[in-house]
Amino acid sequence: MTVHLQPPLHLRIAAHAELTSLIVMPANVFTIHLKPISSLMGPTHGCAYLFVVIATWRSRRSPAAAKVLAPVPGAGGLLAAHAVSHRR
């Protein structure tokens, strides 16, 4: 039986920030290439990525699949949040 739990709010926010910043960085480079956007998005992506990985590994609710998926760059946070919410 699959139990549908809501992943923690902080994990969902960080996962979306990770993916959004990863989309904005190349879009900025290939279009207008504004230095302030690059300076903001790089550290934002790095912090969101580290937060997702650490939060997933520290959570007692996270199954092993979520802990394996969390370090995947870009979409790992969303995959981990999905794994937490569809825990068996």
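Throughout, read-outs are computed from the coordinates displayed, never taken from laboratory work. These figures come from a predicted structure and were not determined experimentally. Every residue, glycine as well, gets a Cβ built from its backbone with ideal geometry; the counts of neighbours run over all protein chains shown.
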Practice task
Please list the equivalent ellipsoid semi-axes of the chain, computed as the square roots of five times the alpha-carbon gyration tensor eigenvalues, in descending order and whole angstrom.
Solution key: 28, 11, 9
Problem - Protection proxy ranking of 54-63, 10-19 - average other beta-carbon atoms within 10 Å, highest first - result: 10-19, 54-63
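Would you list the membrane-span-like helices of the chain, meaning whole DSSP H runs whose alpha-carbon atoms span at least 27 Å along their axis and whose mean Kyte-Doolittle value is at least 0.0?
9-30, 35-58
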